[in-house]
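Comments concern the structure below.
The values are calculated or read from the model by the stated rules, or taken from the named source; none is laboratory data. It should be emphasised that the depicted structure is a prediction, and the values quoted were computed from it without experimental measurement. As a convention, Cβ positions derive from the backbone with ideal geometry for all residues, glycine included, and neighbour counts pool all protein chains shown.
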Amino acid sequence: MKTTIGHAILNGGRLYYEVAGSGSAVVLIHGFSLDTRMWDAQFETFARKHTVVRYDVRGFGRSDKPGAHYSNADDLKALLDHLNVERAAACGLSMGGTIATEFTLRYPERVSAFIPVDAAGGSLIKKDDSIGHSRWAEFVVMMGVVRKTALKDGVDAARDEWLNCDLFAPERELPEVKRGLEAIVGDYSGWHWVNPGPYLPFKPDPSERYGEIRAPSLIVVGERDLPPFHSIARGMAADIPGAELAVLPGAGHMVNMDAPELFNRTVLDFLAGVLG
């Protein structure tokens, strides 16, 4: 299968991307500390039916590190403009789910379907979900510990601590997935752990605007993911008109790597139903 590989120069930086396939477009957005490789089990499979775009978010993989203030949603729009993709299904995992959410709210005319997967972020938890916010605060504390380790003992030590945190416990039980995560995270520069983030915040909180989303929506979460990610998924499914919720059994946070065949079937069946 032919894959187009390149760097798009946009918004003051370069984004690495890969494109394959034909048909209606799907863009795959990776999670924090990861890169395009986390979608290896999806890229060619999805490209049999769709034009598939995967890219390294600014500061990750082979894309430039952040400089001036930037917006991930604006970066994604600029990338799709560069590739002449008018509309795409936005599928993002964890941090990528946040980017997909912000992109869908900011540029609804560019989104043919919305697929947040184990989406992450306190701004995605509904304001009245006190338990969800409490459990997210626990996760933020853990993230803070990893950042302190990076500043005190170096990025290598932080990578080890990150890979051994509760978030990736299910993945550590799967040798192939564990090796894959170690390889990808092992290449992460750690920039966001040791630098203040120049990312422009999205206001108001996305959780206040779920009712505005009109794109066909599939909310995916791994059964064994941590509680705050389930809170986000339930809140999205409840507030987005017509949204479907898929809880994939036995999978953890990296649901597309933990259960690739089930994940692929779930997403591709959904896309076939809403995009044809």
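Summary of values
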| quantity | calculated |
| --- | --- |
| Any chance Val52 is touching a residue at least 40 places away in the same chain (Cβ under 8 Å) and β-branched (Val, Ile, Thr) | no |
| Failed item, numbered, when Ala237 is tested on (1) within 25 Å of Glu138 (Cβ to Cβ); (2) out of contact with any Gly (no Cβ under 6 Å at 6 or more places or on another chain); (3) touching a residue at least 40 places away in the same chain (Cβ under 8 Å) | (3) |
| Unique residue being of a type outside the set (Val, Ile, Thr) and out of contact with any helix residue (DSSP H, G or I) (no Cβ under 7 Å at 6 or more places or on another chain) when the list is Asp225, Asp118 | Asp225 |
| The range 132-147 residues that are on the phi < 0 side of the Ramachandran plot and modelled with pLDDT of 95 or more, paired with ones that are loosely packed, with under 15 Cβ neighbours inside 10 Å and among the β-branched types (Val, Ile, Thr) (beta carbon under 9 Å, 6 or more apart) | Arg147/Val194 |
| Condition check for Ala137: among the small types (Gly, Ala, Ser), in a helix (DSSP H, G or I) and closer than 29 Å to Asp40 by Cα | no |
| Inter-residue pairs, beta-carbon under 9 Å, first surrounded by fewer than 24 Cβ atoms within 10 Å (Cβ to Cβ) and in the range 217-232, second modelled with pLDDT under 95 and of a type in the set (A, V, I, L, M), 6+ apart | Pro227/Ile131; Ser231/Leu124; Ser231/Ile125; Ser231/Ile131 |
| Residues that are in contact with a helix residue (DSSP H, G or I) (Cβ under 7 Å, 6 or more places away or on another chain) and either in a loop (DSSP other than H, G, I, E, B) or over 17 Å from Asp239 (Cα atoms) (or both), drawn from the range 121-130 | Gly121, Ile125, Lys126, Lys127, Asp129 |
| Within the range 175-273, helices (runs of 4 or more DSSP H) holding 3 or more residues that are of a type in the set (A, V, I, L, M) | 175-186, 227-239 |
| The range 180-193, residues that are touching a Leu at 6+ places or on another chain (Cβ under 8 Å) and either within 12 Å of Asp156 (Cβ to Cβ) or of a type in the set (D, E, K, R) (or both) | Glu182, Val185, Tyr188, Trp193 |
| Residue, nearest to Arg37 (Cα to Cα), within the range 174-189, restricted to residues that are small (Gly, Ala, Ser), in contact (Cβ under 8 Å) with a residue 60 or more places away in the chain and surrounded by fewer than 19 Cβ atoms within 10 Å (Cβ to Cβ) | Ala183 |
| Flag for Ala90 being at pLDDT 95 or above, more than 19 Å from His7 (Cα to Cα) and crowded, with 24+ Cβ neighbours inside 10 Å | yes |
| Subset of the range 100-118 (residues that are out of contact with any Phe, Trp or Tyr (no Cβ under 6 Å at 6 or more places or on another chain), closer than 17 Å to Pro204 by Cβ and not aliphatic (A, V, I, L, M)) | Thr101, Phe103, Arg106, Tyr107, Pro108 |
| Residue among Arg54, Arg62, Arg37, Arg106 that alone is within 17 Å of the chain's Cα centre (by Cα), crowded, with 24+ Cβ neighbours inside 10 Å and basic (Lys, Arg) | Arg54 |
| Failed item in (1) surrounded by fewer than 17 Cβ atoms within 10 Å (Cβ to Cβ); (2) over 25 Å from Leu245 (Cβ atoms); (3) more than 15 Å from the chain's Cα centre (by Cα), with Lys127 passing the rest | (2) |
| Of the criteria (1) in contact with a Ser or Thr (Cβ under 7 Å, 6 or more places away or on another chain); (2) polar (S, T, N, Q); (3) more than 15 Å from Ala119 (Cβ to Cβ), which one Thr266 fails | (1) |
| Candidates His30, His7, filtered to the one that is over 26 Å from Lys203 (Cα atoms) and modelled with pLDDT of 95 or more | His7 |
| Selection within the range 249-273 - closer than 21 Å to Ala215 by Cβ and crowded, with 21+ Cβ neighbours inside 10 Å | Val255, Asn256, Phe263, Val267, Leu271 |
